[in-house]
Structures are given as structure tokens and as C-alpha cells.
Amino acid sequence: MSRGDMAKPLLGHRSMEGDPSIPPAAGRTVGVLGSGDFARSLATRLVCSGFKVVVGSRNPKRKAGLFPSAAEVTFQADAVKKTDVIFVAVFREHYSTLCDLADVLVGKILVDVSNNTEINHRKESNAEYLASLFPACTVVKGFNVISAWTLQSGARDGNKQVLICSDNQEAKRTVAEIAQVMGFTPVDMGCMSSAREIENIPLRLFPAWKIPIFLALGLFLCFFTYNLIRQVIHPYIREQKNKLYKIPIEVVNTTLPCVSYVMLSLVYLPGVLAACLQLHYGTKYRRFPDWLDQWLQHRKQIGLLSFFCAALHAVYSLCLPMRRSHRYQLIETAVKQAVEKKMNVWVEEEVWRMEIYISVGIIALGLLSLLAITSLPSVANSLNWREFSFVQSTLGFIALVISTLHTLTYGWSRAFDENQYKFYLPPTYTLTLLVPCTVILAKIIFSLPCIQQRLLRIRRGWEKGRYVKFVLPSATGEFSSGETSSNV
Ligand code: NAP
């Protein structure tokens, strides 16, 4: 997983936090039009942050009691006259009712905080619409990604970023300054044409998770169907045995580890493919295909879903002995053995297989938990690059190897038992091994000195067919420089 993904702001734009060009906001008077939920939370937070607040309402007498006593609640026109920066906490549908204020609004900064109910609801953003209604004002889009709840509970309890855009740099700077004093992180999103994008943000539902979730669901569906055929449909067709009771727990519990294991290997497969391409191109300065870029960017989510499935598998496995069916089967086996007068049922090989299988599974889950924890931005930010890459890359690969051991000890010799081939279908675990084993094999090949050296050089800027200066690590771990050409 790339560290950049964790460290960068929600959106890849310039953070204005700590910008020395942003002037202090001390004691500025800020206006708020509207007296609804957002206006109340905003006014409260502005007052707490040391601003003088004037609220403009159509009915100030009735609404005054809802605001902190330090805020002045007055008629809209009166409020607008008293300040240069006005937050428009009114729905877009009611913007036109503010047109009566056009004269007093001339030259003022209007902050459009509105959101829509649908993504790309209209061609024109709300902020652009407001700007068209009040051409003599400067409109800044901002604060819409912050909820009334976040404003009230404090920036620490919610998202800290305030995305801001406007065609007027000075106005944008003023609003950024206010956001900063309120404890938020202003992020410059550029000019007014970005307003539509900013208005879409609060409406998006886990955009980075869509592909990984579909991938996990797709894998789950495939493995579930495969296991259903082997564990339920096959005994029904061949022996007329009703095994439907296996569906809720047994089939699900054999499916979850398959999904988790394959997903974990899919976290490392794009890195292998990227390395193959770099070796093939002989440079790191050539773009990867879009699908590979996308895949690389989704590794964190794929890894977390792998951990989620592994955790569910652990809980399901712990619950297996609780099932009624399991108790009946145990009693049935005990009775059978008593009837057959079997005294010693201990199978040494089975005992060892199970001990190793469970132990290795626990270690794999422990490592996956570590990977999941270090992918949290707050934890990732506390690690330096080497620590982060050690956990995500080295420990992650070890987790994949240990998961492979877990799978192999589970399967043991089943792949060689012809009774395990239901409808000629091989045991599920043999299928799950394909991608992870390919990744492990590729990683082993890449660790061969001749390939590793070439890859290292490429990643430090060396290019096939070019004469460049590059740096090689010396035996002591320090760096020594050397000249080389492409054919060295
Ligand atoms: P709300 O509770 O319904 O308040 C809207 C306010 O608009 C009313 O209290 C009213 O105040 C004023 N208003 C002015 N002209 C109006 C008219 N013609 N008809 C009706 N009301 C009129 O809404 P809200 O939740 O505060 O949201 C206000 C804006 O903030 C919206 O654009 C919303 O998208 C945005 N926003 C809200 C949140 C949130 O968490 N609530 C988060 C981000 C953005 P007076 O009666 O005093 O004039």
C-alpha cells in the first residue's frame, strides 16, 4: 500500500493550513443568513472561535433564543450591512428570495455552504447560481463538506478539511483564514468551476471502496457457489442426503477464508505486475496501464476487506462446536465407535495437522490485524517510511506465506484423494492456491540478485538505452555513486 495514499488529504489539492500568506482573523465580524441547523452550529462555532457574529433572519425575534447570546440576531438587510463576509446558510431553492438584498450585498463576500440531494443534480453548481444572482458580490464555495454536527462537536471529532474554491483569490484567502481560526484545515480546490465537484463530495458513498467491494462480492459468490455444489448439491444428487443445514455456517465458513486469502494475494499481485512491466520497459518513467494504476490505488481497501473476511472466518470457526449439528455428529461418531468396540481413535497425523493448521491460522490473522491497524492514517502517520514499508510490504508478504501454509495444512493430502473430486471438481483450497502461489513465486524470482539489482536500478532512475548517473548502495549500507550506461 502506498504511504502517499494514507498521508495525503482527502482530495489531492493544496492544503492552505499554515499558509503564511493567510492573515490573522482576529475579531472580524462575520454574517450568517438563515437560522436553521447549519446557521446555528456555524454561529456557535464562530462565536467560540472569537468572531463577532451577526445572524440575518426573516423572523429575528422568534429565532434569537436559538443562538448563543453573544451572536446578534437581526433582520437580513441589517445583518448584511454590518459585515463583509456572509455565510449563506439557506437552501438553493430560496436564493431568489434574497434578491431584495442585492443593493446592500454589493461588494460583499458570499460563502455558499449549500449541498444538493443528488450527485450532478444540475448542470450549474449552487455556488455558480448564487454568483449569477448576485454579480456584484464575490462568491466562495466552502464549508458544505462539514456537517452541522461536526461544527458543533468540534473539528477533532469529524473531518477537519474544508474545501474552498472561488474565482477571487483574496476572497478565498479570507474564507480560508476564517476556517483556519475555527480549527479546520482549508484546502484550496481552485476556481469556481470546482464547486460542482465540491458539492458532489458529501453525496458520494465510499467511492474508493466500490471496486474492492464488488471484487470481494464477486469472489464470495463464485466460491460460495462452488462450495455449495461440493458440500450440498453433490451429496443430495449422489446419496439423496439433505445437507441444506450446512449453508448458513459451514458453506459460508469455507467461502470466507477463500475470499480473504485470494484478496490478500490481490494486494501484492499488482506490485508484481508493475515490477514485470518496469523490467520489460527498462524504465520507471513509463505510465502503467490505467487498470493497473487503479488496482494499485485500491490495495489498501482490498487488504482491509481481506482482513474483514479473515476475522469473520475466525469467529465462524470458533462457533462451529456450538452448532446442534456438530453435537449430533459427535454423538453419532461416539456411538458408532462404541458399537464397533473401537477404543483408540487417536490419529497422530490428524492431531498434528490440526494443531499446526490452527496455530498458523492464528498467526496469519494476527499479522493481518497488524497490517489493518497500520493502514489507519493516524497510525501510518506516526511511522517513518521504512517502518511503514516494512509492515505493509515485508510483514504483508509474510502474512501471505503463512496464509498459504494455513491453506496447505488445511488441505493436507486431500488433493490426492479421488473422493474429494465431487463432480470432478477439485477441492476448493487447490483453486485458492493459484494466485497466491504465483505471487510468492514471482517474489522469490524478483529476490534473485540479478533481477533484484536491475529492478533496484530502474527504481532509482536508471533507464535502458540511456547513459545516466545512478547511486548504488555500498556494502556498508552507505551510498556510493557510480557512472553507468544502459548496457552495463
Ligand atoms: P434549515 O434548518 O432548513 O434552515 C434553512 C434556513 O433558511 C431557515 O432557517 C430560514 O431561516 C432560511 N431561509 C431564508 N429564506 C428562506 C425561505 N424563503 N424559505 C425557507 N427558509 C428560508 O436548513 P440547514 O440544515 O440549516 O441548511 C442550510 C444550508 O446549509 C443548506 O443549503 C444546506 O445544504 C447547507 N448545509 C447543511 C448542513 C447540515 O448539516 N445541516 C451541512 C452542510 C451544508 P429564517 O427563517 O431565519 O430566515
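Return yes or no: is Tyr316 aromatic (Phe, Trp, Tyr) and either closer than 30 Å to Leu217 by Cα or in contact (Cβ under 8 Å) with a residue 40 or more places away in the chain (or both)? It is true that Tyr316 is aromatic (Phe, Trp, Tyr) and either closer than 30 Å to Leu217 by Cα or in contact (Cβ under 8 Å) with a residue 40 or more places away in the chain (or both). Each residue in region 161-181 was checked for being over 11 Å from Phe143 (Cα atoms), within 29 Å of the chain's Cα centre (by Cα) and not in a helix (DSSP H, G or I), and 1 of them qualify.
With the condition being surrounded by 11 or more Cβ atoms within 10 Å (Cβ to Cβ) and among the small types (Gly, Ala, Ser), I'd like the helices (runs of 4 or more DSSP H) fully within region 320-384 carrying at least 3 qualifying residues.
348-374
Scanning region 256-297 for residues that are farther than 25 Å from Ile398 by Cβ and among the hydroxyl-bearing types (Ser, Thr, Tyr) yields Tyr281, Thr283, Tyr285. The helices (runs of 4 or more DSSP H) falling completely within region 191-272 that include 2 or more residues that are over 17 Å from the mean Cα position of the chain (by Cα) and hydroxyl-bearing (Ser, Thr, Tyr) map to 210-228. Entry remark, region 412-434: residues being modelled with pLDDT of 95 or more and in a helix (DSSP H, G or I) number 6 in total. Taking region 415-437 as the range and being exposed (fewer than 14 other Cβ atoms within 10 Å of the Cβ) and in contact (Cβ under 8 Å) with a residue 24 or more places away in the chain as the test, only Phe423 passes. Take Arg62 and tell me if it is basic (Lys, Arg) and either touching a Phe, Trp or Tyr at 6+ places or on another chain (Cβ under 9 Å) or not assigned by the TED database to the domain that holds Ala148 (or both). Spelling it out, it is not the case that Arg62 is basic (Lys, Arg) and either touching a Phe, Trp or Tyr at 6+ places or on another chain (Cβ under 9 Å) or not assigned by the TED database to the domain that holds Ala148 (or both).
When Leu266, Leu228, Leu256 are screened for being crowded, with 16+ Cβ neighbours inside 10 Å, outside the structural domain of Arg92 (by the TED database) and closer than 12 Å to Ile302 by Cβ, only Leu266 passes.
The values are calculated or read from the model by the stated rules, or taken from the named source; none is laboratory data. The shown structure was predicted, so the numbers you read here are calculated from the model rather than taken from an experiment. FYI the Cβ positions are ideal-geometry reconstructions off the backbone, even for glycines, and counts take in every protein chain you see.
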